[in-house]
Amino acid sequence: MVNFSLEGKVALVTGASYGIGFALATAFAEAGAKIAFNDIKQELVDKGLASYKEKGIDAKGYVCDVTKEDQVQELVAKIEKDLGPINILVNNAGIIKRIPMIEMKAEEFRQVIDIDLNGPFIVSKAVIPSMIKNGGGKIINICSMMSELGRETVSAYAAAKGGLKMLTRNIASEYGEYNIQCNGIGPGYIATPQTAPLRERQADGSRHPFDAFIVAKTPAARWGNAEDLQGPAVFLASSASDFVNGHILYVDGGILAYIGKQPQ
Ligand code: NAP
Ligand code: GCO
């Protein structure tokens, strides 16, 4: 029988105090996993712990910046002590800076690459040795439409998410023989704090132009919500996907398949 259960598994979801990470961790807990998450500020970790508690989830929260290798090594050691070896890693933590490329400072570009690409490298590197020792594991990297497409003002983010797609494939290639499956989820446009600026009502009460644009570009004719990502994530975290490796599963309502609705 196909097994989607995560019973007895330990899952680390980075940057999961709220947003997509919180939704994925919640789904993992509902499938039986023990949850660990991190954020860069204690007050955010505390906010996340309260949110998990409201859902009846006894999550463990830790302050850790995914770009700092020493903090990440310490995080993994703490989780292994508190919950056991990590079986499932979701590299979710990420930022975006929407700045026209020629106006973007090199430091701003570097910051996005550091969190969105170096971070998943650092955390995966810290977790893979124990996955090998324990007979395997699951790594899920949260990619993006920008792993495939570009648009104005998101050069750093697209470069990072394009790189994350190839890091996903390389981890799959290098560690598949150890029963480690590394896949990506490429969310479409999801209504979270990260995309709130793209959905803000205009002064005259009309919808943000980008809001209407994305709805026209999405066959499902709506923004996604974080819950739309839960089933695909549980699938990729479970033994039901043991022969799926190096795959980016786009959960985008059909955006990548669609030329877009003709303007009325
Ligand atoms: P979000 O609401 O901005 O949440 C991002 C989380 O990552 C926050 O908790 C943030 O903490 C944390 N974080 C940022 N930098 C960190 C660091 N250095 N170390 C540890 N944690 C850090 O974003 P989201 O919309 O949930 O997106 C989550 C992931 O999905 C990101 O990788 C994003 O690129 C990706 N994604 C989002 C969409 C979308 O439409 N929303 C679509 C495709 C992909 P702070 O609050 O302290 O910054
Ligand atoms: C943007 C958005 C997107 C989404 C997501 C799409 O400014 O275009 O923030 O980048 O966050 O990555 O998959």
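The values are calculated or read from the model by the stated rules, or taken from the named source; none is laboratory data. No experiment lies behind these values; they were computed from the predicted model shown. Backbone-built Cβ (ideal geometry, glycine too); neighbour counts: all protein chains shown. Remember, those area values only see protein heavy atoms, side chains included, never the ligands or the DNA or RNA. Shrake-Rupley method; radii C 1.70, N 1.55, O 1.52, S 1.80 Å.
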From the C-alpha coordinates alone, can you work out the Kirkwood hydrodynamic radius of segment 32-191, in Å? 16.6
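Kindly report the accessible area of the chain per residue (heavy atoms of protein chains, probe 1.4 Å, no ligands, DNA or RNA), in Å². Walk me through the intermediate numbers first.
Working: 12630 Å² over 264 residues.
Heavy-atom SASA per residue in the chain reads 48 Å².
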Computed over the Cα atoms of segment 124-258, the Rg and Dmax in Å are 16.9, 59
Summed side-chain charge close to residue 83 - residues other than residue 83 whose Cβ falls under 11 Å, Lys, Arg +1, Asp, Glu -1: +2
Modelled label-to-label distance, residue 196 and residue 264, 7 Å Cα→beta-carbon offset: nm? 3.0
Largest first, please: the extent of the C-alpha atoms of segment 1-96 along each principal axis, to the nearest Å. 41, 26, 26
Show the residues, 5+ positions off or on another chain, whose built amide H is closer than 5 Å to the amide H of residue 184. 141, 247, 248, 249
Between segment 8-41 and segment 209-249, what is the separation of their alpha carbon centroids in Å? 17
Show which aspartates and glutamates lie in cross-link reach of residue 261 when reach means a straight Cα distance below 19 angstrom and same-chain residues fewer than eight apart are skipped. 211, 252
Calculated from backbone phi, Karplus (6.51, -1.76, 1.60) coupling profile of segment 56-66 in Hz, x at Gly/Pro: x, 9, 8, 7, 10, x, 9, 7, 6, 9, 5
What does the highest-first list of 108-114, 19-25 look like by mean Cβ count within 10 Å? 19-25, 108-114
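Of the peptides 203-215, 42-54, 174-186, 241-253, how do they stack up when ordered by the mean number of other Cβ atoms within 10 Å, highest first?
Details: 203-215: 12.6, 42-54: 15.3, 174-186: 20.0, 241-253: 17.4.
Per-residue mean Cβ counts within 10 Å order the peptides as 174-186, 241-253, 42-54, 203-215.
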Those aspartates and glutamates that a straight Cα-Cα span of less than 14 Å connects to residue 53, excepting residues fewer than 8 apart in one chain: 30
Taking a 1.4 Å probe, which of 104, 131 shows the most accessible area, and what order do the others take after it? 104, 131
Apply 1/(1 + (r/R0)^6) to the Cβ-Cβ distance of residue 242 and residue 55, taking R0 = 30 Å, and write down the FRET efficiency to the nearest 0.05. 0.60
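Need the full-extension length gain, residue 206 to residue 107, defined as separation in residues times 0.36 nm minus the C-alpha distance. One decimal, nm. Please list the in-between numbers first.
Details: separation 99, 0.36 × 99 = 35.64 nm, distance 3.52 nm.
Taking 0.36 nm per residue and subtracting the Cα distance, the gain is 32.1 nm.
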Rel. contact order, % - alpha carbon contacts under 8 angstrom, at least six apart, segment 149-235: 22
Taking R0 as 51 Å and r as the Cβ-Cβ distance between residue 69 and residue 257, the FRET efficiency 1/(1 + (r/R0)^6), rounded to the nearest 0.05, comes to 0.85
Anything over 21 Å Cα to Cα? Flag those among 133/165; 41/68; 9/78; 41/165, in the order listed. 133/165; 41/165
In percent, what relative contact order does the chain have, based on Cα pairs under 8 Å that are 6 or more apart in sequence? 20
In debye to the nearest 20, how big a dipole does the chain give about its Cα centre with +1 on each Lys and Arg Cβ and -1 on each Asp and Glu Cβ? 320
